[in-house]
Structures are given as C-alpha cells and as structure tokens.
Amino acid sequence: MKSTVLFVPAFLLVYGLSSISSNALLAAENEDLTQYVNPQIDTHNSRWFYFSSACRPFGLVNLSPDTQTKGSWKSGYLYDDDSIRCFSHVHAWQMSGIPVMPTTGPFQGHLGMDKYQSKYSHDNEVVSPGYHKVHLDTYSITAELTSTCRVGFHRYTFPKSEQSHIIFDTGALLAHGPMASSQVQQAGESEIEGYSLMQKTGRRPKNTYVYFVAQFSKPFDALTTWSGGKLQEPSDGIEGKNVGAAVKFVTAEDEQIMVKVGLSYTSIENARKNLNAEVPDWDFDRVHRESTDQWNQWLGRVKISGGQADHRTKLYTDLWHSLLGRRTISDVDGSYCDMTGPKPVIRQLKMQPNGKPAYPHYNFDALWGSHWSLNVLWSMAYPHVMDGFCNTMVDIYHNAGLIPRGPSGGNYTFVMIGDPATSFFATAYNKGIRNYDYEAAYEGLRKNAFPGGIRDHAGYEHGNNASGGGMKYYIDLGYVPEDMGGKGAHRDGAAMTLEYAYQDWCLAQFAKSLGKEDDYQHFLQRSHNYRNLWDPELRLMRPKMKDGSWMPGFEPVGKGFTCRGFCESNSMIYTNYVPHNIADLAELFGGKEAYCDFLNHSFEQSIPTRFVADHGQHGSRMVDYDNQPGTGMAHLFSVSGKPWLSQKWVRQVKLKAHGDVTPYGGYHGDEDQGQMGALGVLMAIGLFQVDGGASVDSVYQVTAPLFDRVTVELDNAYYPGKKFEIIAHNQAPENCYIESISLNGQPLDRTWITHQEFAAGGLMELTLSDQPNTQRTE
C-alpha cells in the first residue's frame with residue numbers, strides 16, 4: 001500500500017463541527033458572500049435533492065421546507081406552490097427522511113400531510129445558505145431552520161395555544177418511495193428517538209435506515225401516536241408501517257420552542273453522539289452564525305470584484321450548489337454503514353491523531369460528466385474534497401470489490417454508464433491530490449476497465465453477472481454494439497464506446513504517472529476506439545451492430561429523450577465526445593477548419609433554443625447545455641485552432657443558457673448535485689479543461705471572465721502558490737474576446753496555461769475586446 005492520509009488540510013479540521021469558534025471560520029475578508037447566493041434560483045421545477053437551505057457544505061442533514069413530497073422529480077421545494085407540507089431533514093440522491101411539522105389547533109397529524117400542511121407566502125420568507133425562515137399562515141407559527149453537518153436545528157415561535165404540536169411523520173412517503181417501517185420512542189421528558197426505514201428503489205437496492213434523536217427545549221406534555229391513519233392509545237412509542245408521532249405543548253403568545261434533531265445512518269446511539277457533539281447547547285443564533293461563517297469560508301475560495309450584480313449572484317449561487325449536492329453519511333466518530341453486502345456492516349474511517357475522522361464518507365450520484373465541471377473546480381479550489389471522495393471510493397472498493405459509480409445509502413446503484421471515477425482519480429492524482437491509497441485506486445479502476453468490472457453494469461443493473469455494459473464486445477470488437485442484448489438502462493453502445501475510450505485514456509494517464517508503462521501503452525491504444533464508430537461519409541459517430549454493419553434507422557438528431565445509441569443525447573453532440581484527442585477528431589473531419597465549421601454550425605443553429613434541451617428532450621438538439629454529454633462543446637474551438645470562437649460561444653452559453661437568476665430559470669431543472677453549478681463557475685471565471693484535467697501535463701483553456709478580477713485561493717497543503725489572480729481589462733458583457741494575455745508580466749502567445757503555472761500562483765492579465773483576435777490559433 002503506497003499511501004495513507006499523511007496531512008490533513010485545515011478545512012477538514014472544521015468540517016461539519018458545530019463547536020468551532022466563529023473566528024476560526026471567518027473568511028479572509030469580512031464581506032458576507034452568502035448575501036450573493038440566491039437559493040431560490042430555478043426552484044419552480046425543483047428536484048428532490050436540488051434545494052437544501054439549512055445545510056452545511058456536503059452536510060448529512062439537508063433541512064428545508066417541502067411543498068411536494070412525492071417523486072424524485074418536481075418534489076421538495078417548488079417556488080409556485082402555496083403550501084408547506086413538512087420540514088424534512090434528508091434531501092439526497094435516492095434518500096429522504098424525518099419530516100417534521102409544527103401545528104396548532106385540533107390535531108390532524110394522523111390524517112397526513114394533505115390535511116396538516118400550511119399555507120405560506122414568500123413575502124414572509126428569508127432564505128440564505130444555512131438558514132430558512134418562513135411563516136406558517138395556517139397556524140400562525142414562525143419557523144426558523146439552521147443546521148450543523150449532522151444536526152437539524154428548528155426554532156418555532158408559537159401563538160398562544162392549548163394545542164401546540166410538533167409532528168414527526170416518520171412513516172410518510174417522501175420523494176423516492178414509501179417508508180418500509182419507522183419508529184418513534186419517548187426517551188425522556190424532552191426527548192424522542194427512532195428511525196425511518198427507506199424502502200428500496202430500483203436504484204438503491206436495499207432498505208436503508210436513517211436514525212434520529214430529537215431533543216426539545218422544554219418538556220412536552222404528551223406523546224401522541226398513530227398507525228395507518230388512526231390514533232393509538234397513549235403509550236411511550238410506536239413502531240411499524242405507516243406510523244408516526246407528535247409531541248404536545250401548551251404555549252404562550254410568541255413562545256419559542258426549539259428542536260434539535262441529530263441523524264445517523266448507523267444507530268440511534270450515534271445519532272445522539274452526533275447531536276451532543278455538534279450542538280451541545282440551545283444557542284440557535286450561534287449555530288446560524290457559524291453556518292454563515294463556514295459558508296463564507298468555502299465560498300471565499302473564489303473571490304471576484306466588478307461585473308454585473310446578476311452575474312455575481314449567479315457565480316456564488318453556482319459555487320454554493322457545487323458544494324451542496326453530494327452528502328456526508330459518516331458519523332462524527334467516523335462510523336458509516338456499508339450496505340454493499342447481504343447485511344449492513346458498520347465500518348470505521350481512518351482517524352487522525354486528534355481523534356477526528358481523516359475525511360468524511362460520502363454518498364453521491366454518478367460522477368458522469370463531472371470531468372467538465374466538479375473535477376476541474378474542486379481540484380482547483382477544494383482539493384481536500386477530492387481527497388475525501390477518492391478515499392470514499394477506495395473504502396468501498398476495499399469493502400466490496402468495485403470502485404463505485406454513484407453510491408447511495410452505502411449501496412451500489414450502478415447509475416448511468418461507464419466508469420466516470422476513472423477521470424476523477426486521474427485528475428486528482430495528476431494534480432498532486434494523493435492522500436489516499438492510490439495503488440488500490442488504480443487496481444480498482446483497472447478492474448473496472450475489463451469484463452466483470454463496473455463498466456459491465458448497465459444503468460441500474462444489479463447482481464454479480466452483469467453484462468449490459470458490453471465490455472466483452474468492447475474488448476473483442478473495439479466498440480459496444482447496439483444489438484448486444486442484456487439488461488439494465490442506458491444500453492447505448494455508441495455512447496458507451498465513446499465514454500470508455502475517454503476513460504481508457506484517463507486510465508492511461510494514471511498508469512503513466514505511476515510508472516506502469518505496459519498499462520499506459522495498452523490503455524492509450526484502446527483510447528482510440530472512438531475511430532471504430534466514425535462514418536467517413538456522414539462525418540459523424542454512428543452506432544454499429546455486432547456484425548460490423550451500421551445500425552439501421554440511424555438519426556443524427558431525433559425527438560424526445562434520447563436517440564438510439566446515444567445516452568440521453570444524439571450523434572450531433574456525442575460526435576464531439578473525444579475530449580482526450582480533439583486534434584485527431586478534427587483530422588477525421590478533414591482538418592481543423594472543417595471540424596470548426598461543423599461545430600460552429602451546431603451553435604448557430606442552437607441560438608433560438610438558448611443552447612439547451614430542457615429535460616426530456618436531450619435527443620432533439622444539436623447543442624445541449626442541460627445535460628452532461630455536451631457541456632464541453634463550446635470550449636472545443638480552443639483546442640481546434642479557433643479559440644476566439646470558444647470565447648464567443650462560452651459567453652453566449654453562460655448568459656443565455658445559465659444566466660437567469662429568477663426562480664424560473666438558471667439550471668433548467670437538472671442541476672445534478674452541483675455539476676451545472678460548477679460548470680457555471682468555470683465559464684464565469686474563464687478557466688476550463690477540455691480533457692477534464694486528467695492529463696499528466698494538465699492545461700487550462702482561458703476565456704474571458706465576467707468580472708474585473710477573479711482570485712482563486714490555493715490550498716497550500718497541495719499547491720505551492722498562495723493565490724491565482726485574473727485581471728480582465730475592458731471587462732464588459734459584450735467584450736468576450738481576448739485581445740492579449742500575459743502571465744506574471746510576461747506576454748503569452750497562447751490562450752492556455754499549465755496546471756503547474758496555476759498551482760504556483762500568480763497574476764494573469766487579459767485585455768478584452770468586442771472584436772475577435774483571429775491571429776491567435778491556440
């Protein structure tokens with residue numbers, strides 16, 4: 001084993017801890033960056049894990065109001081709804097749990113959320129990172145929410161009432177499906193405890209527990225329980241399917257009752273440990289303040305000045321989303337639940353000498369497409385986050401034998417296709433992010449690149465004999481045929497072939513850095529397999545059959561969700577999916593000029609649709625910045641001899657596709673746990689990596705930022721420089737073209753910089769114009 005966690009960055013020492021002093025969490029500058037975050041952007045068409053107001057970075061608790069509680073899509077907090085059904089604590093990939101609701105008047109908790117939901121208005125609402133305040137008009141209750149990493153903190157201001165209740169509807173259906181069972185048990189005069197058991201889904205294949213302990217700021221008068229919609233005789237608890245409970249209080253006018261809810265995926269005991277460790281007192285305002293301070297510290301890794309107010313709002317909202325969507329599932333003592341085997345196993349993370357976990361254990365949707373978003377942004381500004389995710393995936397490999405593709409609740413989900421973890425690890429390692437067992441990581445990724453590995457699992461294809469990923473054909477034929485058969489979703493052979501080829505190249509880069517020359521040559525050769533789908537007559541990538549013939553019924557652009565052969569996309573988009581070798585792709589087209597003409601035509605034709613295909617129509621557009629396969633397209637001109645066209649189209653995509661700052665646009669309903677947010681940050685600050693940063697010699701393509709100055713604070717645990725600054729002279733929305741560029745006072749004849757130049761810190765100055773510099777070809 002080559003490496004263990006040797007150095008723990010300062011960020012990890014404060015991660016998720018509620019007892020840190022405020023001063024330790026303050027950003028380098030006193031400006032409150034959270035004021036620029038607008039959590040309500042694009043909430044008219046929300047997704048269950050999209051909106052989390054009272055949440056810390058990557059928090060286990062994601063506490064927020066729910067206006068819709070059924071379905072993975074169009075659920076959670078939807079801006080145009082006029083009623084709040086509950087405040088629930090888990091808004092995660094395939095995970096939900098512990099809905100709470102305060103009420104007054106005749107008790108209706110046993111009748112369900114349709115009965116006890118409350119009207120509310122945005123006029124009486126305050127929403128910011130780590131905090132949510134709203135007035136429940138039906139009950140005359142003001143609700144305030146904040147959190148630490150593992151504890152939800154509620155403060156309810158009640159009216160005078162003989163019947164004030166706080167409902168724990170633990171058995172209610174939330175998002176992805178019903179609860180298989182739940183429990184609420186009185187544990188003291190002001191404490192309850194229990195669990196909700198999330199029923200398995202087609203993606204998360206096992207029932208999954210979330211445990212809780214709730215403490216109240218004063219003793220409650222009674223515990224009310226119900227089962228199947230019927231009130232039960234007085235008791236100290238309830239357990240079963242479709243059960244829940246409520247605590248009763250008599251309240252005076254404007255009396256405040258606070259509730260602390262600690263969560264854990266391992267046990268009730270650990271939920272209590274998490275609660276006591278992170279919120280040992282009842283100082284709601286302090287926890288709220290510390291949440292704001294922590295968000296300021298994280299947001300402060302990217303600082304900007306100048307530019308328009310809407311652009312500043314979108315930049316920090318994008319950055320907030322990039323640090324929000326994926327979730328911690330480990331406890332404060334480093335315990336986490338491994339559900340990859342036949343029974344749950346409680347495992348332990350590596351610990352630091354100070355007795356704290358060396359990193360959090362995470363759950364997340366697939367890293368599909370993250371090579372053009374999270375991989376680049378996190379490795380620039382948050383390398384410790386990449387270390388934590390790498391450690392998580394290596395832990396799962398040690399536990400169960402495969403580097404995962406989207407774990408949920410400690411389960412494999414096999415979401416999407418391929419092995420996107422390969423690009424993630426290659427980027428991390430080749431940028432010097434190596435505080436994990438990288439030899440084991442390489443071993444697991446190599447296993448995934450052959451039959452029997454993760455690539456062989458098509459979308460959501462569970463079981464040990466998966467073959468829907470077509471790796472046998474990929475090895476034997478050099479491509480995945482469209483008539484391969486098998487089970488699972490997203491069995492799109494052309495998309496698989498193109499993504500496998502890129503992942504082979506990433507694995508080759510990893511192998512080269514580790515000195516594995518034979519593997520490097522092997523996977524480098526395989527990375528050319530995209531050529532096997534090239535149709536020189538149509539000049540497009542085209543699906544093939546097992547016998548080598550072209551797939552009948554081929555459509556370059558179709559209708560609806562997908563075109564056959566291309567995962568959630570089509571040939572016009574996936575033909576460009578050769579991020580590791582655009583130069584060779586251009587040669588297939590007949591040269592850079594021909595390729596740029598093809599690409600430019602796609603963008604020109606996409607102006608009326610604002611470069612997006614709203615979710616469900618991904619097969620019908622030539623450019624689609626609403627889904628992962630096409631999110632690198634505007635930058636491809638930078639590596640094809642016409643960087644000014646990247647400068648042009650990146651600016652238009654940023655402003656037209658992802659520039660909205662209202663509740664009715666900005667992400668198009670599919671932000672995918674921070675990926676579109678991270679992409680938005682990269683486009684706004686003018687740095688990108690076409691190859692995902694996985695190369696041994698990684699470079700950044702430069703486009704015009706939307707701000708006068710951009711500063712990326714560098715983590716000295718990883719990079720020698722203090723900060724990398726960009727100054728944009730003549731910055732304006734219409735000035736999208738780079739007239740000249742210099743680095744540390746020296747003129748550059750290129751619109752790219754190396755990762756070594758970035759990591760060393762320094763100053764890059766750009767002079768911008770509204771006219772392209774067509775003499776610069778790189």
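The values are calculated or read from the model by the stated rules, or taken from the named source; none is laboratory data. All values derive from a computational prediction rather than experimental measurement. A quick note on method: Cβ atoms are made from the backbone with ideal geometry, for glycine too, and the neighbour counts reach across all protein chains shown.
If only one of Asn430, Asn375 is modelled with pLDDT of 95 or more, in contact with a Gly (Cβ under 7 Å, 6 or more places away or on another chain) and polar (S, T, N, Q), which one is it?
Numbers: Asn430 fails: in contact with a Gly (Cβ under 7 Å, 6 or more places away or on another chain).
Residue meeting the stated conditions: Asn375.
Go through Ser322, Ser335 for me and flag whichever is among the small types (Gly, Ala, Ser), surrounded by 20 or more Cβ atoms within 10 Å (Cβ to Cβ) and within 16 Å of His384 (Cβ to Cβ).
Numbers: Ser335 fails: within 16 Å of His384 (Cβ to Cβ).
The unique qualifying residue is Ser322.
Just checking, which of Ala594, Ala586, Ala613 is surrounded by fewer than 18 Cβ atoms within 10 Å (Cβ to Cβ) and either modelled with pLDDT of 95 or more or in contact with a helix residue (DSSP H, G or I) (Cβ under 8 Å, 6 or more places away or on another chain) (or both)? Let's see the steps before the verdict.
Details: Ala586 fails: surrounded by fewer than 18 Cβ atoms within 10 Å (Cβ to Cβ); Ala613 fails: surrounded by fewer than 18 Cβ atoms within 10 Å (Cβ to Cβ).
None of the other options fit; the residue is Ala594.
Look at the range 241-293 and say how many of its residues are over 19 Å from Leu63 (Cβ atoms) and among the aromatic types (Phe, Trp, Tyr).
So the answer is 1.
Being under 26 Å from the mean Cα position of the chain (by Cα), assigned to a helix (DSSP H, G or I) and modelled with pLDDT of 95 or more: is that true of Leu263 here? Walk me through how you get there before you give the answer.
Working: under 26 Å from the mean Cα position of the chain (by Cα): yes; assigned to a helix (DSSP H, G or I): no; modelled with pLDDT of 95 or more: yes.
Against the criterion (under 26 Å from the mean Cα position of the chain (by Cα), assigned to a helix (DSSP H, G or I) and modelled with pLDDT of 95 or more), Leu263 does not qualify.
Name the single residue, out of those in the range 192-211 being of a type in the set (D, E, K, R) and in a loop (DSSP other than H, G, I, E, B), that is nearest to Ala458 (Cα to Cα). Write out each step before concluding.
The first filter runs over the range 192-211 and keeps only residues of a type in the set (D, E, K, R), leaving 193, 200, 203-204, 206.
Restricting the remaining residues to those that are in a loop (DSSP other than H, G, I, E, B) gives 200, 203-204, 206.
Numbers: Lys200: 19, Arg203: 12, Arg204: 15, Lys206: 18 Å.
Result: Arg203.
Got a sec? Which of Asn207, Asn276, Asn296 is in contact with an Asp or Glu (Cβ under 7 Å, 6 or more places away or on another chain) and more than 23 Å from Pro159 (Cβ to Cβ)?
On the way: Asn207 fails: in contact with an Asp or Glu (Cβ under 7 Å, 6 or more places away or on another chain); Asn276 fails: in contact with an Asp or Glu (Cβ under 7 Å, 6 or more places away or on another chain).
The conditions single out Asn296.
Select from the range 192-230 the residues that are under 27 Å from the mean Cα position of the chain (by Cα) and among the hydroxyl-bearing types (Ser, Thr, Tyr) and write down the one among them that is surrounded by the fewest Cβ atoms within 10 Å (Cβ to Cβ). Spell out the reasoning first.
Here is the first cut: in the range 192-230, the ones under 27 Å from the mean Cα position of the chain (by Cα) are 195-212.
Now drop any that are not among the hydroxyl-bearing types (Ser, Thr, Tyr), which leaves 195-196, 201, 208-209, 211.
Numbers: Tyr195: 25, Ser196: 30, Thr201: 21, Thr208: 25, Tyr209: 23, Tyr211: 25.
The qualifying residue surrounded by the fewest Cβ atoms within 10 Å (Cβ to Cβ) is Thr201.
List pairs: first in the range 303-317 and within 21 Å of Ser373 (Cα to Cα) and buried (at least 22 other Cβ atoms within 10 Å of the Cβ), second charged (D, E, K, R) and modelled with pLDDT of 95 or more, Cβ under 6 Å, 6+ apart or cross-chain?
Sorted first by the residue in the range 303-317, then by its partner, the list stays empty.
Just to be sure I understand, how many residues within the range 608-644 are aliphatic (A, V, I, L, M), in a helix (DSSP H, G or I) and in contact (Cβ under 8 Å) with a residue 60 or more places away in the chain? Steps first, answer last, please.
Start the filter on the range 608-644 by keeping residues that are aliphatic (A, V, I, L, M), which leaves 612-613, 622-623, 633-634, 636, 639.
Subset that is in a helix (DSSP H, G or I): 633-634, 636, 639.
Restricting the remaining residues to those that are in contact (Cβ under 8 Å) with a residue 60 or more places away in the chain gives 633, 636, 639.
Going through the range 608-644 one residue at a time, the tally reaches 3.
How many residues does the range 300-326 contain that are closer than 15 Å to Gly59 by Cβ and out of contact with any Cys (no Cβ under 9 Å at 6 or more places or on another chain)? Full working, then the answer.
Looking only at the range 300-326, we keep the residues that are closer than 15 Å to Gly59 by Cβ, and these are 320-326.
Of the ones still in play, those that are also out of contact with any Cys (no Cβ under 9 Å at 6 or more places or on another chain) are 320-323, 325-326.
Residues that pass the stated criteria total 6.
Would you point out which residue out of Pro772, Pro705 is in contact with a helix residue (DSSP H, G or I) (Cβ under 6 Å, 6 or more places away or on another chain) and outside the structural domain of Phe637 (by TED's automatic domain parsing)? Reasoning before the result, please.
Numbers: Pro705 fails: outside the structural domain of Phe637 (by TED's automatic domain parsing).
None of the other options fit; the residue is Pro772.
Return the residue satisfying two criteria in turn: it lies in the range 516-549 and is in a helix (DSSP H, G or I) and of a type in the set (A, V, I, L, M, F, W, C), and of such residues it is nearest to Gly485 (Cα to Cα). Can you show your working first?
From the range 516-549, those in a helix (DSSP H, G or I) are 517-526, 529-533; that's our starting set.
In the following step, the residues that additionally are of a type in the set (A, V, I, L, M, F, W, C) were identified as 523-524, 533.
On the way: Phe523: 26, Leu524: 28, Leu533: 19 Å.
Selected residue: Leu533.
Taking the conditions exactly as written (free of Cβ contacts under 8 Å to residues at least 24 places away in the same chain, over 30 Å from the mean Cα position of the chain (by Cα) and over 21 Å from Ser196 (Cα atoms)), does Lys115 satisfy them or not?
On the way: free of Cβ contacts under 8 Å to residues at least 24 places away in the same chain: yes; over 30 Å from the mean Cα position of the chain (by Cα): yes; over 21 Å from Ser196 (Cα atoms): yes.
The answer is yes for Lys115.
Those residues that are outside any helix (DSSP H, G or I) and β-branched (Val, Ile, Thr), I need them from the range 441-471; list them, please. Show your work before the answer.
Kept after step one, since they are outside any helix (DSSP H, G or I), are these residues of the range 441-471: 449-453, 457-470.
Hits for the range 441-471: nothing passes.
For the range 346-355, check the following and say yes or no: at least one residue is at pLDDT 95 or above and under 28 Å from Val259 (Cβ atoms).
Yes, the conditions are met somewhere in the range 346-355.
Would you pick out the residues in the range 105-140 that are within 22 Å of Ala252 (Cβ to Cβ), hydroxyl-bearing (Ser, Thr, Tyr) and surrounded by fewer than 22 Cβ atoms within 10 Å (Cβ to Cβ)?
Thr138, Ser140
Residues checked against (1) surrounded by fewer than 24 Cβ atoms within 10 Å (Cβ to Cβ); (2) outside the structural domain of Asp708 (by TED's automatic domain parsing); (3) within 21 Å of Gln673 (Cβ to Cβ):
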residue	(1), (2), (3)
Asp331	no, yes, no
Gly341	yes, yes, no
Pro344	yes, yes, no
Arg347	yes, yes, no
Trp378	no, no, yes
Arg405	no, no, yes
Gly409	no, no, yes
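Are any residues in the range 141-191 more than 32 Å from the chain's Cα centre (by Cα), of a type in the set (Asp, Glu) and either assigned to a strand (DSSP E or B) or buried (at least 19 other Cβ atoms within 10 Å of the Cβ) (or both), and if so, which ones?
Residues satisfying the conditions are Glu162, Glu191.
Does the range 522-536 contain any residue that is of a type in the set (A, V, I, L, M) and closer than 27 Å to Ala613 by Cβ? Can you show your working first?
From the range 522-536, those of a type in the set (A, V, I, L, M) are 524, 533; that's our starting set.
Right, trim to closer than 27 Å to Ala613 by Cβ and you get 533.
For the range 522-536, residues of a type in the set (A, V, I, L, M) and closer than 27 Å to Ala613 by Cβ: present.
Look at Tyr79 and say whether it is touching a Pro at 6+ places or on another chain (Cβ under 6 Å) and not assigned by TED's automatic domain parsing to the domain that holds Met676. Step through it out loud before you land on a result.
Values: touching a Pro at 6+ places or on another chain (Cβ under 6 Å): yes; not assigned by TED's automatic domain parsing to the domain that holds Met676: yes.
The answer is yes for Tyr79.
Looking at Ser121, Ser181, which one is assigned by TED's automatic domain parsing to the domain that holds Ser72, within 25 Å of Gly71 (Cα to Cα), touching a residue at least 40 places away in the same chain (Cβ under 8 Å) and of a type in the set (Ser, Thr, Tyr)? Explain how you work it out, then say what you get.
Numbers: Ser121 fails: touching a residue at least 40 places away in the same chain (Cβ under 8 Å).
After ruling out the rest, the residue left standing is Ser181.
Here are some conditions: (1) in a helix (DSSP H, G or I); (2) surrounded by fewer than 19 Cβ atoms within 10 Å (Cβ to Cβ); (3) of a type outside the set (S, T, N, Q); (4) assigned by TED's automatic domain parsing to the domain that holds Thr157. Lys273 meets all but one. Which one does it not meet?
Only one criterion is unmet by Lys273, namely (2).
Looking only at the range 318-342, which residues are in a helix (DSSP H, G or I) and hydrophobic (A, V, I, L, M, F, W, C)? Before the answer, list the steps.
The initial filter retains those residues of the range 318-342 that are in a helix (DSSP H, G or I), namely 318-322.
If the condition is that a residue be in a helix (DSSP H, G or I) and hydrophobic (A, V, I, L, M, F, W, C), then Leu319, Trp320 are the ones that fit.
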